[in-house]
Each structure stands twice: as C-alpha cells, then as structure tokens.
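A.B. asks: Got a structure for you, questions after.
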Amino acid sequence: MSPANILKQHKMRMTKSRKAILGVFIVQKKAIGQPDLEKQLANFDRVTIYRTLNAFLENGILHQVLDDMGATKYALCSEHCSEHEHQDEHIHFKCISCERLECISDIQIPVIKLPKGYTFQDANLLVRGICETCQK
C-alpha cells in the first residue's frame, strides 16, 4: 500500500513529512525508532517527526513496540486498526545478530486472565532470537 492510500484510508491530509515517514516504514518493513527516522529524514526537524508519529499512533496507522533496551519504536499497523482500536496484539521479534525488530502478525499474544480487580489494557511480547536472514 502506498503512503497516499494509507492517509486516504485514515482520512488524513497528505503532507511531505507524512508521505516521507510512511515511505520509510513501507520500504523497511520493520519497527523504527524516532532517532533512526531523524537520521534518514534529515530534511525534517525532530518536532515534525514527533508530531507525525503521534498523529499516526492516534489514527491507527502505527503502533508502539518496546524493544529489550527500553526504547520505543514504531511499526505499521494492520489494515484493521483505526483511531478507536489497535489490533496489534501480536509478537514482535528482535534479531540478536542484526538487531532488526519486526512484527510477526500471524502469532497472537495468548489471552491473559488477570486476577479479580485487575483490568487488562494491552500486552507486549518480545521474542529474541536470530532472524531468517542472519541464519543464512
């Protein structure tokens, strides 16, 4: 899907920064942190990137991924996410060799039953290992 199609689907205005940032996520197909985006998109300032990432989170285009170092990264949501609900409860895989962090959407996080009095909001599951590319 193209940046223009994603923005249109989520009823967001097309801007240069939105198009460029979405383009990075589409091409790289992995979770990316704001510092990495700033390096790749040097023609946009930190505030513009930050605001764009927040707008994408609020509109169901991106979801947050926490890596094993405590850093927040962002990944494209599935087509089923919206501003009202994210469908991102799947595992995330981090390669210990190349450090690539990616969504594995076809493996869901198991249902977690909490004790009485607790309310479930969301869950993150990070699996570490060696990716297919590094195995070769």
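The values are calculated or read from the model by the stated rules, or taken from the named source; none is laboratory data. Note that the structure is a prediction, hence the values are computed from the model and not measured. Heads up, the Cβs are rebuilt from the backbone with ideal geometry, glycines too, and the neighbour counts pull from every protein chain shown.
A.B. asks: Determine, yes or no, whether A75 is part of a helix (DSSP H, G or I), modelled with pLDDT of 85 or more, surrounded by 12 or more Cβ atoms within 10 Å (Cβ to Cβ) and small (G, A, S). Talk me through it step by step, then tell me what you get.
C.D. replies: Working: part of a helix (DSSP H, G or I): no; modelled with pLDDT of 85 or more: yes; surrounded by 12 or more Cβ atoms within 10 Å (Cβ to Cβ): yes; small (G, A, S): yes.
No; evaluated as a whole, the condition is false for this residue.
A.B. asks: Go through (1) out of contact with any Cys (no Cβ under 6 Å at 6 or more places or on another chain); (2) within 26 Å of M12 (Cβ to Cβ); (3) at pLDDT 70 or above; (4) not β-branched (V, I, T) for D67 and report which single condition fails.
C.D. replies: All conditions are met except number (2).
A.B. asks: Within the stretch 1-37, count every residue that is touching a helix residue (DSSP H, G or I) at 6+ places or on another chain (Cβ under 6 Å), over 26 Å from H90 (Cβ atoms) and of a type outside the set (K, R).
C.D. replies: Residues in the stretch 1-37 being touching a helix residue (DSSP H, G or I) at 6+ places or on another chain (Cβ under 6 Å), over 26 Å from H90 (Cβ atoms) and of a type outside the set (K, R): 2 in total.
A.B. asks: Something else: Kindly provide the set of residues from the stretch 90-126 that are touching a strand residue (DSSP E or B) at 6+ places or on another chain (Cβ under 8 Å), among the basic types (K, R) and assigned to a loop (DSSP other than H, G, I, E, B), ordered by number.
C.D. replies: Correct list: R100 only.
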